[in-house]
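The values are calculated or read from the model by the stated rules, or taken from the named source; none is laboratory data. All of these numbers come straight from a predicted model, not from anything done at the bench. FYI the Cβ positions are ideal-geometry reconstructions off the backbone, even for glycines, and counts take in every protein chain you see.
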Amino acid sequence: MNLSCLHTHTTFCDGEDDVETFCRAAKEKNLHSLGFSAHAPITKKTGFVTGWHLGDDRLEEYLDAIRSAKKRWKGRLNIYAGLEADFIDGLTGPADREYREMGLDYLIGSVHYLVPPKGKPFTVDGPPEEFARGVGESYGGDGEAAMGAYWDTLEKMIAAGGFDILGHADLIRKNNGDDQWFDIESKNYLERLSRIALLIGLQQHIVTEVNTGGLNRGKIKDTYPSPAFLKLLAQGAQGTSVQGALAPVIITADAHRAKDLNGHYTLAKETLRRAGFKETLLFEGRENGRPRWTPRPL
Ligand SMILES: [Zn+2]
Ligand SMILES: [Zn+2]
């Protein structure tokens, strides 16, 4: 039995395949479970109109499609309903009450947007020219400042809570190429990572995903978070059981195509082992309002 994927985007948002195609692929790949995590609707709350979020008026349809897949695949594949909720500073975040009322199995919390004091909010993982425009307009072209703003935003999301899985924790690396905007070996950068690792350790219920989406789409050469980040997390996780783990992790593919489910998982496992992790987690559904995780040796 293989691992699972809880980070999956279908045609309901910006994925290329539909729910059933993902279910079939998960079964073929012998996955333990499959969770759907459409980009949660944001337009009503923020006024942002994008091509990659689930429309506000399609939430019920999305949840229905997963409910009916659960029925169809009962006894053959564990299927879960989730969302990837954006934290957009001052506008919306996974701690918003409405998410508690949707009956979701789990919620991924992700930072894609920076909301600068001046200039328009922009995404850190969009096309390089968009990112460059955002950094130019809002941070005077200072990549270090944008990087700092990203970590500030992530810290705010972690402090606000409300989510089960921390999505692609260092997504800010996506447009950084070979340190084009900031130096990931600088003291400042490593200090930010340490602070985040500490914060994650303090919020014991947060599971950090090791996301192979950048690899699956050929955008970066390793996982989110980076091996260096995972080493810092592992230092907190060593010698503890799952329930007591300071920094538990799961592997996800951030799959936008069914064929990418479990893509680059071998590399992710190897990265985790090298970082010092002994186990990853499998999701077993929600009980009394809390996610239930079981350990899986790496
Ligand atoms: Zn994301
Ligand atoms: Zn995603």
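See the values below:
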read-out	value
Qualifying residue in segment 5-21 (condition: surrounded by fewer than 17 Cβ atoms within 10 Å (Cβ to Cβ), in a loop (DSSP other than H, G, I, E, B) and away from ligand 2 (no atom under 16 Å from the Cβ))	yes
Residue in segment 60-68 that is among the aromatic types (F, W, Y), modelled with pLDDT of 95 or more, touching a strand residue (DSSP E or B) at 6+ places or on another chain (Cβ under 8 Å) and closer than 16 Å to A255 by Cα present	no
Residue that is farthest from the chain's Cα centre (by Cα) [pool: residues in segment 197-217 that are away from ligand 1 (no atom under 16 Å from the Cβ) and surrounded by 22 or more Cβ atoms within 10 Å (Cβ to Cβ)]	A197
Residue count for segment 81-110, restricted to those that are more than 18 Å from H256 (Cα to Cα) and within 13 Å of ligand 2 (Cβ to nearest atom)	0
Residue ID - farthest from T123 (Cα to Cα), chosen from residues in segment 39-50 that are within 14 Å of ligand 2 (Cβ to nearest atom) and touching a residue at least 12 places away in the same chain (Cβ under 8 Å)	A40
Residue in segment 99-120 that is out of contact with any strand residue (DSSP E or B) (no Cβ under 6 Å at 6 or more places or on another chain), among the acidic types (D, E), closer than 21 Å to F163 by Cα and not in a loop (DSSP other than H, G, I, E, B) present	yes
Long-range neighbours under 9 Å by Cβ, at least six apart or interchain, first residue under 17 Å from L230 (Cα atoms) within segment 158-176, second in a helix (DSSP H, G or I) and hydroxyl-bearing (S, T, Y)	D170/Y150; L171/Y150; I172/Y150
Tally of residues being hydrophobic (A, V, I, L, M, F, W, C), surrounded by fewer than 21 Cβ atoms within 10 Å (Cβ to Cβ) and in contact with a Phe, Trp or Tyr (Cβ under 6 Å, 6 or more places away or on another chain) across segment 134-172	1
